[in-house]
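What follows is one structure encoded as structure tokens, with my remarks underneath.
The values are calculated or read from the model by the stated rules, or taken from the named source; none is laboratory data. Keep in mind it's a predicted model, so treat the numbers as computed, not measured. Here the Cβ is made from the backbone with ideal geometry for all residues, glycine too, and neighbour counts use every protein chain on show. To get the accessible areas, we keep the full protein, side chains included, count just its heavy atoms, and leave off ligands, DNA and RNA. Shrake-Rupley method; radii C 1.70, N 1.55, O 1.52, S 1.80 Å.
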Amino acid sequence: MKIALIGYGKMGRMIEQIAVARGHQIVSIIDIDNQEDFESEAFASADVAIEFTSPMAAYGNYLKAFAKNVKVVSGSTGWMAEHGDDVRRMCSEEGKTLFWASNFSIGVAIFSAVNRYLARIMNDFPQYDVDMEEVHHVHKLDAPSGTAITLAEEIIGNLTRKDKWVKGSLVAPDGTVTGTADHADDELVVNSVRRGEVPGIHSIRYDSEADSITITHDAHSRKGFALGAVLAAEYTAEHEGLLTTSDLFKF
């Protein structure tokens, strides 16, 4: 398979290593300083482009790839609220293909399935309130993380006593705390911490007067995310439309 990389930071380099090890060819690498390569024959020859950039750049990158009829796998977050409807229309009506996930880790996919199942169980135990904490490295710009938002929306979709998620407290790299963990009974609070070089930790806690139950996914490195992105590219090469991890992982 021919793969183009959009974004060549730490994640892009790790994706390159894994893709090559799995027998794929990297035909184009586009970063901030060579945007003109979107117009190159090499980029247009790609079966799939894997995109890991920023919320500000992601949507524009999709449009440039779609213009060359290149399918896209993307882990960029923060663009969905403003451009989600347009992307869905392009994928459903114009024949474009985007595999999007807030997190490509196989472990997170399993964790997500456990999260949904646990939320359904907890419908029968209203004495438990639920909250979430996500911890990431100091370079991460968005808070809560896209993965935390996805997990929160899964809880809301399966736990009838929660109607929406709300942004809770944020602990900045210097220890400064903003926001609050206070929330209404029908709200799911998501707290955030930014420290060191943490790849990502997501913890969901159900707490009652008697006890608490916590499930946690703790990423040791970016390798799991990179492998998942390559697996998604392999899947996307053979499929069309707006795709997600629920298409790739059948659980």
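The single condition among (1) out of contact with any helix residue (DSSP H, G or I) (no Cβ under 7 Å at 6 or more places or on another chain); (2) within 24 Å of Ala143 (Cβ to Cβ); (3) touching a residue at least 24 places away in the same chain (Cβ under 8 Å) that Gly84 does not satisfy is (3).
Within region 160-195, the residues that satisfy the criterion of being within 24 Å of Pro126 (Cα to Cα), under 22 Å from the mean Cα position of the chain (by Cα) and hydrophobic (A, V, I, L, M, F, W, C) are Trp165, Val166, Leu188, Val189, Val190. Any residue that is modelled with pLDDT under 95, under 21 Å from the mean Cα position of the chain (by Cα) and among the acidic types (Asp, Glu) - is there at least one of those in region 74-91? Yes, region 74-91 contains a residue that is modelled with pLDDT under 95, under 21 Å from the mean Cα position of the chain (by Cα) and among the acidic types (Asp, Glu). Could you run through region 161-170 and say how many residues are open to solvent by less than 30 Å² (accessible area, probe 1.4 Å) and in a loop (DSSP other than H, G, I, E, B)? So the answer is 1.
Conditions tested, residue by residue: (1) touching a Ser or Thr at 6+ places or on another chain (Cβ under 8 Å); (2) free of Cβ contacts under 8 Å to residues at least 24 places away in the same chain; (3) over 26 Å from Met56 (Cα atoms).
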residue	(1), (2), (3)
Arg116	no, no, yes
Arg120	no, no, yes
Gln127	yes, no, yes
Lys140	no, no, no
Thr150	yes, no, no
Leu159	no, no, yes
Gly175	no, yes, yes
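For the residues Gly224, Gly200, the requirement of being closer than 22 Å to His137 by Cβ and out of contact with any Gly (no Cβ under 9 Å at 6 or more places or on another chain) singles out Gly200. All told, Asn123 meets the bar of being surrounded by fewer than 21 Cβ atoms within 10 Å (Cβ to Cβ) and in contact with a helix residue (DSSP H, G or I) (Cβ under 9 Å, 6 or more places away or on another chain). Does Glu133 meet the test of being touching a Lys or Arg at 6+ places or on another chain (Cβ under 9 Å), open to solvent by 20 Å² or more (accessible area, probe 1.4 Å) and not hydrophobic (A, V, I, L, M, F, W, C)? It is true that Glu133 is touching a Lys or Arg at 6+ places or on another chain (Cβ under 9 Å), open to solvent by 20 Å² or more (accessible area, probe 1.4 Å) and not hydrophobic (A, V, I, L, M, F, W, C).
Just to be sure I understand, how many residues within region 128-160 are assigned to a loop (DSSP other than H, G, I, E, B) and under 19 Å from Ala181 (Cα atoms)? Adding up the residues that qualify gives 5.
Just one residue in the set Asp174, Asp186 is touching an Asp or Glu at 6+ places or on another chain (Cβ under 6 Å) and farther than 30 Å from Ser74 by Cα; that residue is Asp186.
Within region 213-226, being touching a residue at least 24 places away in the same chain (Cβ under 8 Å) and closer than 21 Å to Val114 by Cα holds for Ile213, Ile215, His217, Ala219, Gly224, Phe225.
Looking only at region 197-208, residues that are more than 20 Å from the chain's Cα centre (by Cα) and over 12 Å from Val130 (Cβ atoms) come to 0 in all.
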